[in-house]
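Just so you know, all these numbers are worked out from the coordinates, no wet-lab data involved. On a predicted model such as this, the values are computed, not experimentally measured, just so you know. Ideal geometry is used to build each Cβ from the backbone, glycine not excepted, and the neighbour counts take in all protein chains shown.
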Amino acid sequence: MNATDSHDSRTGRLAGKVALITGAGSGIGRAAALLFAAEGAAVGVLDRDGAVAEETTALVVSAGGRALALTADVSKSAQVSAAADALAAKYSCIDILYNNAGVDSRGSVVVAEETDWDRCFDVNVKGTFLMSQAALVHMGQGGSIINQGSVAALVGVMNFAAYCAAKGAVVALTRSMAVDLAGRGVRANVICPGTVYTPLMEPMLRTRGDGDLDLGLERTLVKYPIGRLGHVDDIARVALFLASDEAAFMTGSVVAADGGMTAQ
């Protein structure tokens, strides 16, 4: 077996675990669902859009994994609790929660709309809070919660006031969770990705390029010493590490997976 084969093979790092991933119908969430399942976890594939949750679930099952499609708006407590309860009823517990679901926003503090602000906080912050509460009912010793932050929580991003504020709140919430949950043997960490090329990012790139996607991409790449944007698998692999026992001494950590963007 060569090095490439070894790197690509399954290691069973999450064998016997049950993971709940939000926003798992596409992008980073789908990549994480496939990766976690390949590493042995039974995966709750949660998305607001039930059809895409079913699509991801079908992909996991076709690859030999175990998964349950779940539909919920993470900003609605009753829906969130029902989804967590359904996953625990099927697989007995929840060991890992990846709060990946999120929305972005547009506009500086001068022009941002109040409705946009509320939506950004409802999904990114309240959703993380509610989903964590619901999952913790079924999570015991050795549990891991991974929250999705952003480099926007660490640096100022022009014309993204609500998004920067919301992701900053996720970082602060994660640190508080780490302290509160340590006595229960549950870890909480936050990933702060740089720009990852997904369909969600295309409107932002077009805005940065004055309507031109290619120009927006060119202007964005200047910010990344590594010379490229992130891939969904880049972030999913970081989440896998934080979910696994390999990260047993990490809690309250803010992990920047950003191609060197915040190093400058």
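General observations
- Mean separation of Cα contacts under 8 Å, 6 or more apart, over the residue count of the chain: relative contact order %: 17 percent
- Residue 93/residue 182 FRET efficiency (R0 25 Å; Cβ-Cβ; nearest 0.05): 0.80
- Each of residue 254 and residue 210 was given a label point 7 Å from its Cα along the Cα-to-Cβ line. The distance between the two points is 3.4 nm.
- Annotation for the range 21-114: GluC sites (Glu not before Pro) lying in DSSP loop with at most 13 further Cβ atoms inside 10 Å of their Cβ are 113.
- Summed over qualifying helices (DSSP H, 4 residues or more, each -39500 (n - 2.57)) and divided by its residue number, the chain shows a 222 nm mean residue ellipticity of -13000 deg cm²/dmol.
- Taking the longest Cα principal axis of the chain as reference, the axis of helix 127-136 is set at about 10 degrees.
- Helix 27-38 and the longest principal axis of the C-alpha atoms of the chain enclose an angle of approximately 20°.
- For the range 121-176: rounded, prolate or oblate by the Cα gyration tensor [a/c cutoff 1.5]: prolate
- The HN-Hα couplings worked out from phi for the range 119-125 by the Karplus form 6.51 cos²θ - 1.76 cosθ + 1.60 (θ = phi - 60°) are 5, 5, 6, 4, 7, 6, 9 Hz, whole numbers, x standing for Gly and Pro.
- Amide H partners (placed H, <5 Å) of residue 209, local residues excluded: 216
- The alpha-carbon of residue 167 sits under 25 angstrom from the alpha-carbons of these lysines, leaving out residues fewer than 8 places away in its chain: 76, 126, 223.
- Rounded to the nearest 10 degrees, the angle from helix 77-91 to the longest Cα principal axis of the chain is 40 degrees.
- Spatial separation of Cα centroids for the range 90-116 and the range 196-264, in angstrom: 16 Å
- Phi to ³J(HN,Hα) by Karplus 6.51 cos²θ - 1.76 cosθ + 1.60 over the range 218-233, Hz, x for Gly, Pro: 4, 5, 6, 4, 4, 7, 10, x, 5, x, 7, 7, x, 10, 4, 5
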